[in-house]
Amino acid sequence: GATGKLGRHAVEQLVAAGHPVRCLVRCDPAEKAEAEEHGQSASREQVAAWLASLPGVELIKGTVTDREALGRLLQGSSYCLALHGATRFTKPTDWLPWVDESQDPLHGRQVNCEAVSLLLSAAEEANLKRLVRVTGKGEDPWSITSILINAFGSMSKAWNFEGERRLRGGKLDYTIVRPGFMGDVEAQLPEDQSLALVDDGGELKVTAIPHRSVAELCIRCLDYPHSARSTLVAMTQPMPGPRTWEPLLEKVQPDRRNFAGAEMLEKHYLGVRGFGAAIASFLALLVVLNR
């Protein structure tokens, strides 16, 4: 996810701190003349060129579903920030019973879940210390937000949580970060806002949070041993409150509750199917009434 809006902030912050960074990118860098472009409207090729220009950054060409590329990416590394996410929109044909969603490498199943399993395998093989994964809030499969995101976003939320479940079942230490809404890539934390953080996948009101603040959390949590094997929900809230993550991370503990199992995935699918059936029934009723 290095060329994404969150990933480019994480790489920039790691470089500023003097750390060498290896990035997995799907595309070739743009021409040198465009190398400085990495803002909101920058293409992935332009961001890749900008990343390649940073000191201590190495680019590895590949995808998150390419096990061999993941092995090269993680060789000799200590930590992995998995900041990628599915951006594919649902196609009408996705709901045909004979369509196999596992055959589309951009589907939420492949990007948000199978890729996490491959990363976990490669990370365990490379003896990494920790894997940080960014997903999203909204465990409830029956909430309208979850249903809409799943319905129009290739079941991305459902497969995000299945990816989380697989991480928790692995031997490698993890930190799962569930942020609020991340908007403009260049946004700053407003002066009248502070940071909020709860562990154990707890409840916080969903709010906007800058990409750079989430990137800071992904990096800073690595300095706190108790944040290993934890699920953190990150938001913003009105002042007064902390504007850095350190005082909040000091209170973090590993996961203690029993998170939902594999049955949660089916509930997410049932929620979308029920929503689709309700829409179809409503449209059918309109047709009957307008005859």
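The values are calculated or read from the model by the stated rules, or taken from the named source; none is laboratory data. A quick note: this is a predicted structure, and the numbers were derived from the prediction, not measured. Don't worry about glycine lacking a Cβ; one is built from the backbone with ideal geometry, like all the others, and counts go over all protein chains shown. Side chains are part of the model used for accessible areas, which takes the heavy atoms of the whole protein and leaves out ligands, DNA and RNA. Shrake-Rupley method; radii C 1.70, N 1.55, O 1.52, S 1.80 Å.
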Residues of region 246-277 classified as touching a strand residue (DSSP E or B) at 6+ places or on another chain (Cβ under 6 Å) and either at pLDDT below 95 or in a helix (DSSP H, G or I) (or both), total: 1
One residue from I149, I219, I144, I209 being of a type in the set (A, V, I, L, M) and under 30 Å from G71 (Cβ atoms): I219
Odd one out for L195 among (1) of a type outside the set (V, I, T); (2) under 20 Å from A82 (Cβ atoms); (3) crowded, with 19+ Cβ neighbours inside 10 Å; (4) over 15 Å from the mean Cα position of the chain (by Cα): (2)
Top-ranked residue of region 256-291 - restricted to ones that are in contact (Cβ under 8 Å) with a residue 24 or more places away in the chain and open to solvent by 70 Å² or more (accessible area, probe 1.4 Å), ranked as farthest from G201 (Cα to Cα): L270
Output for region 219-245, where each listed residue is in a loop (DSSP other than H, G, I, E, B) and surrounded by 22 or more Cβ atoms within 10 Å (Cβ to Cβ): W245
Unmet criterion (only one of (1) at positive phi; (2) loosely packed, with under 13 Cβ neighbours inside 10 Å) for D200: (2)
Selection within region 203-218 - open to solvent by 30 Å² or more (accessible area, probe 1.4 Å) and either closer than 28 Å to L128 by Cα or aromatic (F, W, Y) (or both): R212, E216
Residue list for region 1-17, filter: over 10 Å from L83 (Cβ atoms) and either free of Cβ contacts under 8 Å to residues at least 12 places away in the same chain or part of a helix (DSSP H, G or I) (or both): E12, Q13, L14, V15, A16
Count - residues of region 127-154 that are over 27 Å from Q253 (Cβ atoms), in contact with a Ser or Thr (Cβ under 8 Å, 6 or more places away or on another chain) and of a type in the set (A, V, I, L, M): 2
Residue within region 184-201 that is part of a helix (DSSP H, G or I) and closer than 28 Å to G261 by Cβ present: no
Tally of residues being of a type in the set (A, V, I, L, M), at pLDDT 90 or above and surrounded by 13 or more Cβ atoms within 10 Å (Cβ to Cβ) across region 17-38: 3
Strands (runs of 3 or more DSSP E) enclosed by region 42-153 - at least 1 residues per element that are in contact with a Leu (Cβ under 8 Å, 6 or more places away or on another chain), basic (K, R) and buried (at least 19 other Cβ atoms within 10 Å of the Cβ): 130-134
